[in-house]
Every structure is written in structure tokens, then in C-alpha cells.
Amino acid sequence: MEFAKGKIDLLLTGIGTLVTPVGIHPRRGEKMKQLHTINGAAIAIRDGYIVDFGQEQELLHRLQHAEITNTVDVGGRLVTPGLVDPHTHLVHAGSREHELALKRAGVPYLDILAQGGGILSTVKATRAATEQELYAKARRSLNEMLLQGVTTVEAKSGYGLTVEDELKQLRVAKQLDDTHPIDLVSTFMGAHAVPVEYKERTDAFVELIISEMLPRVAAEQLAQFCDVFCEQGVFSIEQSRRILLAGKQLGLRPKVHADEIVPLGGAELAGDVGAISAEHLLAASDEGLARMAAGNVIPVLLPGTSFNLGVKQHARARDMIDRYNLPVALATDYNPGSCPTESIQLIIMLASLHLKMTPEEILTACTLNAACALGRGGDIGSVEVGKRADLAVFDAPSISYLPYHFGINHTFGVIKNGVQVVWNREIMTEQHGVGVR
Ligand code: NIG
Ligand code: FE
């Protein structure tokens with residue numbers, strides 16, 4: 001091995017079981033279950049990348065002449081690729097516990113929004129917040145995610161809804177990407193709700209998004225993707241299509257909040273506009289799922305949202321995997337309204353309980369397929385030579401244990417870009433000589 005001869009910055013030994021999907025492309029259908037498992041494994045890391053891995057004795061033999069700077073024994077624990085959360089509304093101000101009673105009384109999510117609450121209440125708080133305030137709150141959430149084993153997170157704007165306030169959210173995400181161990185991927189979502197000043201004038205707001213917001217976001221390179229809340233009473237199919245195609249022309253790949261509540265045709269739209277992913281999809285039609293499969297759209301399922309909104313209906317993960325050969329990904333949808341949780345491990349449990357996904361499918365959905373939903377399948381999402389050394393270390397005997405023993409955090413450690421950023425369940429700081437930048 002060419003790599004093994006050189007210097008190794010970090011050698012992880014004593015891995016009880018290493019479990020990972022394989023490849024750089026989304027794993028579809030039946031292939032979601034196929035994982036590479038090595039009992040008694042070790043991983044060699046240099047300059048933040050995996051340079052070799054395999055059965056421990058064999059790897060040590062290959063490395064016999066290598067100069068190894070640091071060796072860390074994982075103590076027989078389970079290691080997987082770092083988890084990827086491909087759908088969050090991370091950067092925002094305030095919280096909405098005042099709406100809990102309304103929700104419990106059965107007032108529908110869209111009715112709360114129509115009354116000026118919901119997303120619009122968070123818009124008010126976010127507009128009033130400084131970048132420093134937004135940064136501090138989002139950073140706390142990122143720390144929670146990191147402690148759960150998450151190493152890459154997507155973050156959407158959409159609580160500003162003015163040119164400047166949308167840019168403010170995206171700048172905060174960029175600053176977090178520069179300063180926090182977790183990598184952030186930004187999505188512009190100016191079409192998240194129609195702000196009060198545009199009430200009953202949705203087309204005029206769409207115009208603002210297309211003519212002013214999108215060009216600024218693209219010029220300042222503040223986002224890689226463009227998302228729309230395509231839902232009855234929010235943005236129609238035609239309005240969504242216009243925004244997504246305008247974004248695409250500027251180099252922002254489409255994502256769609258599609259068919260969450262009403263089967264509007266968002267899944268079909270995602271297929272038509274060449275979206276990288278479509279999210280929610282509880283009400284997606286068969287035609288929509290077929291069009292997604294034809295268009296290579298990744299379904300990003302958010303079981304925490306349906307759980308928290310108390311809806312009985314769940315996304316048809318089994319149909320997506322078994323009938324449509326789709327590459328399902330999972331995400332938290334972390335946001336202050338429909339899903340106020342940073343916990344990917346809760347999502348793992350709900351994917352098992354409500355979506356009937358197997359532990360193998362869930363791991364693929366939270367790693368490689370999630371990475372592909374962010375266009376990062378070539379770089380992260382699996383343990384492979386040449387990929388980034390982003391790893392999660394669990395106090396669990398097997399991946400089945402993760403959805404089984406629920407409500408607690410199983411993560412013991414996290415390696416991000418080859419650095420121990422969480423160990424012994426604590427975030428490493430400068431005092432530990434490693435870790436947080
Ligand atoms: O994905 N549905 C729209 N957007 C978010 C909710 C945002 C909020 O309620 O603040 C979602 O569920
Ligand atoms: Fe969302």
C-alpha cells in the first residue's frame with residue numbers, strides 16, 4: 001500500500017465492529033441493506049483522510065514501517081461513518097413553546113401559520129436578532145448534534161424573508177462552518193413562508209425572491225441549494241417551479257419540501273426540475289415517487305416531524321425502498337416549530353418504529369444517502385480510502401442496538417476530519433490539546 005508507508009497522524013485500533021455502506025453514489029432499494037462489516041478493525045488517518053483500514057492485525061502488518069504519530073484504542077466499541085443530517089432549519093432565534101397548547105388542542109400546523117404564528121413567529125424573532133445572537137444559539141445546537149455523532153449538517157435560511165435577513169442567516173451559517181467542527185452545507189429557503197408585508201401578494205414575494213434574493217445569495221456564494229415550502233396555502237407548484245428553476249440557473253441545485261400535508265404534486269415537481277432531494281413526502285403520490293425515481297431524486301424523510309405534529313400518517317419508506325428502488329435518506333428537520341429536536345438518534349428510533357426501516361437501511365440513510373442528498377457522496381458518508389476521516393464511535397454492541405435502546409445518547413466519541421472532537425462523551429477543547437478549532 002502506497003499510503004501505509006508514509007506518516008499516519010491517527011491510528012484507531014480496538015474497533016469492536018466497523019460498519020459502513022460502500023461507495024460514492026446513493027444506495028437504492030435492496031442495496032440500502034448491504035453494509036461492509038469488519039469485526040476487530042482499525043483505521044489509519046492522514047491529513048484528515050482515511051488512508052487505510054481493515055482487519056486490525058492485517059492493517060498493523062501493512063503499517064509496520066509507517067511513522068505513526070498517535071494511536072487511540074477505541075475499546076471494542078462500534079464505529080460507523082460520522083452521521084450526516086441533511087435537513088435542518090438550524091439558524092433562527094426564539095422558540096415556540098407558547099404554541100404547544102394550540103398544537104395539543106388540535107389546531108393544524110397550517111392554521112397556526114395562517115394566523116400569523118408558526119414560522120412567522122420565528123421570522124419576527126429572527127429579524128430582531130443580531131448575527132451574534134443567532135450564532136450563539138445555533139452553536140449550542142451544533143454542539144448537541146456533534147455529541148450525538150453528527151459530523152455534517154445542512155442548514156436552511158427562511159426565517160428572514162427580507163433580502164438582508166435571509167443573507168444574515170446564511171452568513172451566520174458560513175461563520176459556523178468556519179468555526180465549529182461540524183461542516184455546514186447551506187440552503188437558501190427564502191420561499192419558506194409568505195411574510196406579513198406580502199400577505200395575499202404571494203406572487204410579488206416570489207418576484208422578490210427571484211429578482212433580488214437569489215442573485216445576492218448566488219453572488220455572495222452563500223448557499224449551494226435552493227429549497228421551497230411547496231404546500232397548499234404557502235407556495236404553489238407553479239410558484240415553486242419558477243423559484244427552483246431561477247435558482248438552478250444561478251447554480252443553486254433544487255430541493256423541495258414536498259407533499260408534506262396535501263398531495264399537491266411536489267414529488268413530481270422535484271423530478272421535473274432535477275432536484276437533488278425532496279423532503280417530507282407523507283402525502284406523495286405513486287406517480288410522484290415514480291417521477292422521483294426516474295429523476296434520481298433522493299427522498300429525505302423526517303419522521304420526527306410527523307411524530308411531533310401528532311399525525312398518524314407516515315412517509316411510505318417501505319414503498320420507496322421496495323417498490324420504487326429509491327435511495328432513502330433521513331434527517332432531523334430540526335426547527336423551532338414542527339420538530340424542535342437536534343437528536344438524530346431519536347430519528348433513528350422513529351425510522352424503525354414508524355417507517356419500518358431496518359437498522360442497516362437506517363445506517364445507510366443517515367450516512368451515505370444523507371451525504372448524497374448534499375452532493376457530498378464522494379467525500380463523506382462511508383468509511384473508505386480517500387474519504388474524509390469523519391467517524392462516530394458508539395457505546396453499543398451493534399447497529400441494531402441504536403433504534404432498540406431509545407431515548408439516550410449512545411455516542412462515545414466523534415472523529416471529524418481526523419481529529420478527536422468528542423471523546424468519553426465530552427466535546428474536546430483546546431485544554432485537551434485536540435479537538436474544537
Ligand atoms: O420542514 N414545513 C416547513 N418548514 C419546516 C417547519 C418550520 C417551522 O415550523 O418553523 C418543516 O417542517
Ligand atoms: Fe424542513
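The values are calculated or read from the model by the stated rules, or taken from the named source; none is laboratory data. Please read these numbers as outputs of a predicted model, since none were measured by experiment. Reconstructed Cβ throughout: ideal geometry from the backbone, glycine too, with neighbour counts over all protein chains shown. These area figures cover heavy atoms from the full protein model, side chains too; ligands, DNA and RNA do not enter into them. Shrake-Rupley method; radii C 1.70, N 1.55, O 1.52, S 1.80 Å.
So for segment 83-372, taking the charge dipole from beta-carbon charges (+1 Lys/Arg, -1 Asp/Glu), which of G274, L353, I261 sits furthest toward the positive end?
Among G274, L353, I261, the one farthest towards the positive end of the dipole of segment 83-372 is L353.
Give the longest segment of the chain that steers clear of GluC sites (Glu not before Pro) in DSSP loops with at most 13 neighbouring Cβ atoms within 10 Å, not counting the sites themselves. Walk me through the intermediate numbers first.
Numbers: sites that count: E200, E220.
Between the exposed loop sites, the longest stretch runs 221-437.
What angle do you read, to the nearest 10 degrees and between 0 and 90, between the alpha-carbon axis of helix 344-353 and the longest principal axis of the chain?
In the chain, helix 344-353 runs at an angle near 80 degrees to the longest axis.
Name the residue from P340, P195, A223 whose Cα lies farthest towards the positive end of the charge dipole of segment 83-372, charges +1 on Cβ of Lys and Arg and -1 on Cβ of Asp and Glu.
Of the options given, the answer is P340.
Using only the Cα atoms of the chain, what semi-axes does the equivalent ellipsoid have when each is the square root of 5 times a gyration tensor eigenvalue? Give whole Å, largest first. Can you show the working numbers first?
On the way: eigenvalues 269, 104, 80 Å².
Equivalent-ellipsoid dimensions as semi-axes: 37, 23, 20 Å.
Working from Cα positions, state the angle (0 to 90°, nearest 10) between the long axis of helix 237-249 and the longest principal axis of the chain.
Result, in degrees: 50.
Explain nothing, just the number: relative contact order of the chain, from Cα pairs under 8 Å at least 6 residues apart, as a whole percent. The partial results should precede the final answer.
On the way: 1073 pairs, mean separation 90.4, N = 437.
The value is 21 percent.
Leaving ligands, DNA and RNA out of it, report the carbon-plus-sulfur percent of the accessible area of the chain at a 1.4 Å probe. Intermediate values should be presented prior to the final figure.
On the way: 8440 of 16240 Å².
With neighbouring chains kept in place, the figure for the chain is 52 percent.
With charges set only on the Cβ (+1 for Lys and Arg, -1 for Asp and Glu), what does the dipole of the chain come to about its Cα centre, in debye to the nearest 20?
Details: 41 positive and 51 negative charges, 47 e Å.
In total the dipole reaches around 220 debye.
Looking at the chain as a GNM with Cα springs under 10 Å, which of G310, G377, G106 has the largest mean-square fluctuation?
For the chain, modelled as a Gaussian network with Cα springs under 10 Å, the answer is G106.
In a GNM of the chain with a 10 Å cut-off on Cα contacts, which of R242, R388, R140 has the highest mean-square fluctuation?
In the Gaussian network model the winner is R140.
Using a Gaussian network for the chain with springs between C-alpha atoms less than 10 Å apart, which of these wobbles most: V79, V22, V262?
The residue that fluctuates most here is V262.
Which lysines, on any chain, are close to K255 with Cα under 16 Å apart, when same-chain ones fewer than 8 places away are left out?
Qualifying lysines at Cα under 16 Å: K156.
Among the listed pairs K31/K416; K31/K387; K103/K124; K387/K416, which have their C-alpha atoms separated by more than 23 angstrom in this model? Write down the numbers at each step before the final one.
Values: K31/K416 27 Å; K31/K387 20 Å; K103/K124 20 Å; K387/K416 12 Å.
Checking Cα-Cα distances, K31/K416 exceed 23 Å.
Below 8 Å between Cα atoms, with a sequence gap of 6+, how large is the relative contact order for segment 292-437 in percent? Intermediate values should be presented prior to the final figure.
Details: 230 pairs, mean separation 24.5, N = 146.
It comes to 17 percent, rounded to a whole number.
Take every Cα pair under 8 Å in segment 1-72 that's 6+ residues apart, average their separations, divide by the length, and report that relative contact order as a whole percent. Walk me through the intermediate numbers first.
On the way: 125 pairs, mean separation 33.2, N = 72.
The value is 46 percent.
On C-alpha positions alone, give me the angle between the axis of helix 163-179 and the longest principal axis of the chain, in degrees, nearest 10.
Helix 163-179 sits roughly 10 degrees off the main axis of the chain.
Keeping every protein chain present and rolling a 1.4 Å probe, give me the accessible area per residue for the chain in Å². Present the calculation step by step, with values, prior to reporting the outcome.
Working: 16240 Å² over 437 residues.
On a per-residue basis, 37 Å².
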